[in-house]
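Have a look at the structure below before the remarks.
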Amino acid sequence: MSLNEHSLQALSWRKLYLSRAKLKASSRTSALLSGFAMVAMVEVQLDNSYPYPPALLIAFSACTTVLVAVHLFALMVSTCILPNIEAVSNVHNLNSVKESPHERMHRHIELAWAFSTVIGTLLFLAEVVLLCWVKFLPIKPDKSNNSTVSSGVAAAITSTSIMVPFGLIFIVFAVHFYRSLVSHKTDRQFQELEELSNLTRLQNELDNRGESSILQSPSSQFP
């Protein structure tokens, strides 16, 4: 095996392990968050005597449904692709990496990773805010106090005011992480291309030396 082929196979194995790690993280995160969303939908108790705003109930139902659908899609992709990658990664053979579908399914893996970690997490934050409003809004204000805002509304406003900055921080971190990751991948690709060019040059020099030694050997035997 030449140096170039060995480097290409090492790069393929790194991509395989990265794809496997992403699928495992996506499956665990999606299963956990979708389970929480379903429990929140089932266990929430609505007060029949309270006139909920229709927009609130529609937003809560839509957010929960989209959240579960997004995470189930990521879970389905992980469940379908991960066994094929696991089967190849457990084989101790360098050439078996070609049998893995991680490069052909690269877009599906990245889509599942984005759905599970970015879109799914943002929807879960919105789910927490809407759940607080649905849960605390029916609490009536205390008549002994002259406050115009009930304790339930105050609790919902507090949770919203806490969750909104965290959501903005999460978005900023996600954008910064994505840009840093893209920059790192670009730098690594340039380094790998440079290494491959150096390996190609070294391989050519070794081949030329071998050919020159073969050509010089007959002349040294017959002066």
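Take the residues in the range 24-69 that are part of a loop (DSSP other than H, G, I, E, B) and of a type in the set (A, V, I, L, M, F, W, C), then tell me which one is least open to solvent (accessible area, probe 1.4 Å). Talk me through it step by step, then tell me what you get.
Going residue by residue through the range 24-69, those that are part of a loop (DSSP other than H, G, I, E, B) are 44-53.
Those still in the list that are of a type in the set (A, V, I, L, M, F, W, C) too: 44, 46.
Working: VAL44: 29, LEU46: 88 Å².
Once the filter is applied, the top-ranked residue is VAL44.
Quick test for you: out of LEU206, LEU215, LEU193, LEU199, pick the one residue that is within 35 Å of the chain's Cα centre (by Cα), surrounded by fewer than 15 Cβ atoms within 10 Å (Cβ to Cβ), modelled with pLDDT under 85 and of a type outside the set (Gly, Ala, Ser). Give the steps one after another, and end with the answer.
On the way: LEU206 fails: within 35 Å of the chain's Cα centre (by Cα); LEU215 fails: within 35 Å of the chain's Cα centre (by Cα); LEU199 fails: surrounded by fewer than 15 Cβ atoms within 10 Å (Cβ to Cβ).
Just one listed residue meets the conditions, LEU193.
I'd like to check something: does the range 143-152 contain any residue that is of a type outside the set (Lys, Arg), part of a helix (DSSP H, G or I) and modelled with pLDDT of 75 or more? Quick ask: steps written out before the conclusion?
Pass one, the range 143-152, residues of a type outside the set (Lys, Arg): 144-152.
Subset that is part of a helix (DSSP H, G or I): 151-152.
Filter again for modelled with pLDDT of 75 or more, leaving 151-152.
Within the range 143-152 (the criterion being of a type outside the set (Lys, Arg), part of a helix (DSSP H, G or I) and modelled with pLDDT of 75 or more), the answer is yes, since at least one residue qualifies.
For the range 73-107, which residues satisfy the criterion of being surrounded by fewer than 16 Cβ atoms within 10 Å (Cβ to Cβ) and of a type in the set (A, V, I, L, M)?
Selection gives MET76, ALA87, VAL91, LEU94.
The values are calculated or read from the model by the stated rules, or taken from the named source; none is laboratory data. Since this is a predicted model, take the numbers as computed values, not measurements. In this analysis, Cβ positions are derived from the backbone assuming ideal geometry, glycine residues included, and neighbour counts consider all displayed protein chains. The accessibility values were calculated without ligands, DNA or RNA, using every heavy atom of the protein model including side chains. Shrake-Rupley method; radii C 1.70, N 1.55, O 1.52, S 1.80 Å.
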